[in-house]
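Read-outs: derived from the displayed coordinates by stated rules, not from any lab. Values in this document were obtained by computation on a predicted structure and should not be read as measured data. Here the Cβ positions follow ideal geometry from the backbone for every residue, glycine too, while neighbour counts run over all protein chains shown.
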Amino acid sequence: MLGIALQYGVELDILLAANPGVNPRLMSVGTELIIPEPEGAGLEDIPSATPVPFSLSEVDCYRTPTNGLWCVTAGRNGGT
């Protein structure tokens, strides 16, 4: 389990605590583990979206032969 802990940047004690039913000396291929996030990882690492101006043209709607409605518009990045 030490190799797995090192590979995922998790302390061995934390990995062992997250998997109390797993004996690291008797693990076999296919053993499923819970791998906690490394300490210090979290939402602050996720970049935030940058707002971009976006505009829509006038919406045109058309009746279909089955009395449905198709509406179309064009979107444009840049706000104009």
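What does the net charge come to around Cys71 if you take all other residues with beta carbon closer than 15 Å to its beta carbon, with K and R at +1 and D and E at -1? With Lys, Arg at +1 and Asp, Glu at -1, the neighbours total -1.
Panel order for Glu39, Glu11, Glu32, by other beta carbons found within 10 Å of each beta carbon, from fewest to most: Glu32, Glu39, Glu11. The fewest-to-most ranking of Ile34, Ile14 by surrounding Cβ atoms within 10 Å reads Ile34, Ile14.
First select every other residue whose beta carbon is under 15 angstrom from the beta carbon of Leu15; then total the charges, Lys and Arg +1, Asp and Glu -1.
On the way: positive: Arg25; negative: Glu11, Asp13, Glu32, Glu37, Glu39.
Once all neighbours under 15 Å are counted, the net charge is -4.
For Leu33, what charge total do you get from the other residues with a beta carbon under 15 Å from its beta carbon, if Lys and Arg give +1 and Asp and Glu give -1? Show your work: numbers first, answer last.
Working: positive: Arg25; negative: Glu11, Asp13, Glu32, Glu37.
Counting the neighbours of Leu33, the net charge comes to -3.
Run the dipole for the chain about the Cα centre, Lys and Arg Cβ at +1, Asp and Glu Cβ at -1, nothing else charged, and hand back the magnitude in debye, nearest 20.
Details: 3 positive and 9 negative charges, 88 e Å.
Dipole size: approximately 420 debye.
When the Cα positions of Met1, Pro51, Leu33 are compared along the charge dipole of the chain, Pro51 comes out farthest toward the positive end, with charges on each C-beta of Lys, Arg, Asp and Glu.
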